[in-house]
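Step one of this worksheet: look at the structure below.
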Amino acid sequence: MKIGYIRVSTEEQNPARQQALLHELSVDEIFIDKASGKNTDRPELQRMMNYVRKGDTVIVESISRFARNTRDLLELVEQLTVKQVEFVSKKEAIDTTTPTGKFMLTVFAAVAELEREYILQRQREGIAIAKSQGKYHGRAPQPLPENFEAVVARWRRGEITAREAMRRTGLKPNTFYRQVKNYFHSSQP
């Protein structure tokens, strides 16, 4: 099946231009969102992603209507690929059913990875400069939950599981174990 996806940013915008293109391409089903593209949490996009099946092709007028940034685009296309669904963007001439289309998507992925690496590098450099100037001290330590000591004591006695202790303290595994280690190191004479 050919599945069309349309997005306009506001209720006032008219999706007619995108609809006309998709009708020309003989799509079988169309999903329309009237929402910002700032993230992929759009009801019709999610409904379409659940609807598509192996062998389907998702067609959009342009990438900007499907995803706001390269990372979202690649994540969405990866989800489609896992389901063995092809992706076509008419404006950018990306068609994952062709070798050229797959290549273009690979180029997008490489550019996105490079972009992420540059961002991380600039972030590390900025932190190093701020530390050297005494302006950066990392995140402030978060106080332990009030029930931490009692819950950890019950966990250590084997009365509750680690998972239950984490649930009761509201801590994620890495944080829980690090706090347990810090707590018992600091309470040792």
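Checking Lys102, Lys83 one by one, the residue that is of a type in the set (D, E, K, R), at pLDDT 90 or above and surrounded by 12 or more Cβ atoms within 10 Å (Cβ to Cβ) is Lys83 and no other.
Residue by residue, here is whether (1) surrounded by fewer than 18 Cβ atoms within 10 Å (Cβ to Cβ); (2) modelled with pLDDT under 85; (3) over 17 Å from the mean Cα position of the chain (by Cα) holds:
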residue	(1), (2), (3)
Lys34	yes, no, yes
Val58	no, no, yes
Phe66	no, no, no
Glu75	yes, no, no
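Could you list all residues from the range 121-146 that are loosely packed, with under 10 Cβ neighbours inside 10 Å and aliphatic (A, V, I, L, M)? Answer for the range 121-146, where residues must be loosely packed, with under 10 Cβ neighbours inside 10 Å and aliphatic (A, V, I, L, M): just Ala140. Restricting attention to the range 86-99, the residues that are closer than 15 Å to Lys2 by Cβ and surrounded by 15 or more Cβ atoms within 10 Å (Cβ to Cβ) total 7.
Modelled with pLDDT of 85 or more and surrounded by 13 or more Cβ atoms within 10 Å (Cβ to Cβ): is that true of Arg163 in this structure? No; evaluated as a whole, the condition is false for this residue.
The values are calculated or read from the model by the stated rules, or taken from the named source; none is laboratory data. Everything numeric here is computed off the predicted structure, so don't read it as measured data. Quick reminder, even Gly has a Cβ in these numbers, built from the backbone with ideal geometry, and neighbours come from all protein chains shown.
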